[in-house]
Amino acid sequence: MLKSFFSFAVVLMSIHFGFATGNFNTPTTNSHSETTVTKKMSLNATIAQLETHLIAGNWTENKNDHTHTDYHFHDYGMVDMITTKANGTTTMNSALWTIESHEEQVYLVLTQPPANDITFHEISMSGDDMILSGKSNLDTKVLMPTAIKNNAGVIKKVKKSVTGTWKIEAPSNENYMKYYFHENGTFSFSMGNKSVNISEEGVWEISSDGKYIMFYITNNDKEQVTSRTSVARIISASDDTLRLEKTITIPDFENMFSKENQKFTLKRTR
């Protein structure tokens, strides 16, 4: 894949150079309209190839503070960005993504809820790496291809292992935590004690590398709109035991939980 991606990178850089210099192979008729069509066809082909490669691979952005972000682009127009800090804390943000052209340049456009903030990153290539340039150097991202999504069998196996009802209890049985992972891709979660009970629900997925459970928490109205996201790293999953590493972040209950990742061992209930 990297070899074919490098070939594609050369094509993209050639097109990018052609935009900058105006050096196009125009038809023998020198027709302005035909030249415009040629440019548009080149842009459309570039956009289609970029979309294919973003979806086909996993991408990682490494930062100077030993933080890295894994990008998982989905064919239904969502990208999940899983960020792991130096201390192991993991968070996830999701956005809508498209690739668009403007004034003969190609951009990755991200729309992030809930405020629908839109950011534009001009796309260029450096070898196999994808450079996303923002308004300033601080906004520039370098995405490196790290894996190929050809592990559908692994994802299916992990999802089968996770599906079911899981529970953790304190020795006193006063505190509890329950996860219900349903086969249809929905989940519900509850935890608490004698004083407080917390619950949430939504949709769950296994990440394309099989390492994470991604949670899309929905609001409680009939529209079932995703209100926020979270992520848990799968340490291990067997018939009876599910070990997760997760930071618990629940609105209005932030002070009840540690802001660091915590490891949980859950037992399957029959």
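The values are calculated or read from the model by the stated rules, or taken from the named source; none is laboratory data. Please read these numbers as outputs of a predicted model, since none were measured by experiment. Please note: Cβ atoms are built from the backbone with ideal geometry, for glycine as well, and neighbour counts cover all protein chains shown.
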Any hit, the range 218-239, residues being under 18 Å from residue 168 (Cα atoms) and either part of a loop (DSSP other than H, G, I, E, B) or at pLDDT below 85 (or both): yes
Within the range 75-119, considering residues that are outside any strand (DSSP E or B) and without any contact (Cβ under 8 Å) to a residue 40 or more places away in the chain, the one farthest from residue 245 (Cα to Cα): 103
Residue within the range 58-69 that is within 16 Å of residue 214 (Cβ to Cβ), surrounded by fewer than 16 Cβ atoms within 10 Å (Cβ to Cβ) and out of contact with any Asp or Glu (no Cβ under 7 Å at 6 or more places or on another chain) present: no
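Being in the same structural domain as residue 93 (by TED's automatic domain parsing), aliphatic (A, V, I, L, M), surrounded by fewer than 17 Cβ atoms within 10 Å (Cβ to Cβ) and touching a strand residue (DSSP E or B) at 6+ places or on another chain (Cβ under 6 Å), is that true of even one residue in the range 158-174? Please lay out each step first, then the result.
Within the range 158-174, the subset in the same structural domain as residue 93 (by TED's automatic domain parsing) is none.
No - not one qualifying residue is present in the range 158-174.
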From 125, 144, residue being in contact with a strand residue (DSSP E or B) (Cβ under 8 Å, 6 or more places away or on another chain), in a strand (DSSP E or B), over 15 Å from residue 55 (Cα atoms) and hydrophobic (A, V, I, L, M, F, W, C): 125
